[in-house]
Amino acid sequence: MKLTPAQAALFRECIALTLEAHDQDAMTELCTGSPRRELENIAKGVTQMPENASDICTFTLGQLHSIYASITHAVVALPSEETFHIRTGFYRENAIALANSMRSTVRDCMRSDL
C-alpha cells in the first residue's frame, strides 16, 4: 500500500484518537480487533514509514482492519466537522475517502489472488 505523508498522518491521528477514547485494552480490542499494544505498534510503524512516495508500506489484513476501524471510529466519534478538523487536522471527507480507498485496495488485491 502506498501512503502519502498526509495519509500516514491521518492514520496516526485516528489511531491516537481511538487509543484516547478506549483506555482499557479490552475496549480497544473490541473496537479495532487489536490489543492496545498492537495498535500502538501500528502507529509507530506508520510514523517510521519511508518518506519516499514510491516506497510501499506493508500491513497484514489484521493491521489494515485495525487502521480502518480507527478511521471509522474517528469519523463517528467526533460530533462535528469542525471538531473532527480541529482534532485531526483533516476533514471527515478525507478520512472517508481514505477508508474507501483502503477497502478498494484490499478488494482489488483479493481479486488478483483468485
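Would you mind estimating how fast the chain diffuses translationally, via Stokes-Einstein at 37 °C and 0.692 mPa s with the Kirkwood radius over Cα pairs, in µm²/s? This corresponds to a translational diffusion coefficient of 229 µm²/s. Ranking Leu17, Asn41, Ser66 by how far each Cα lies toward the positive end of the dipole of the range 14-114 (charges on Cβ) leaves Ser66 at the top.
Go through Met1, Ala26, Ala95 and say which Cα lies farthest out towards the positive end of the charge dipole of the chain; charges sit on Cβ, +1 for Lys and Arg, -1 for Asp and Glu. Result: Met1.
If you take all other residues with their beta carbon under 13 Å from the beta carbon of Thr72, and give Lys and Arg +1 and Asp and Glu -1, the sum is +2.
Based on DSSP H segments of at least four residues, each scored -39500 (n - 2.57), the chain has a per-residue ellipticity at 222 nm of -24000 deg cm²/dmol. Between Thr72, Thr32, Thr58, find the one with the highest GNM mean-square fluctuation for the chain; connect C-alpha pairs within less than 10 Å. Evaluated over the chain, the most mobile residue of the options is Thr58. Computed from the Kirkwood radius of its Cα pairs, the Stokes-Einstein diffusion coefficient for the range 61-114 at 10 °C and 1.306 mPa s stands at 133 µm²/s.
The numbers here are math on the coordinates, done by the rules we state, and not lab data. Keep in mind that this is a model prediction, so the values were computed, not measured. Glycine gets a Cβ as well: all are built from the backbone with ideal geometry, and neighbour counts include every protein chain shown.
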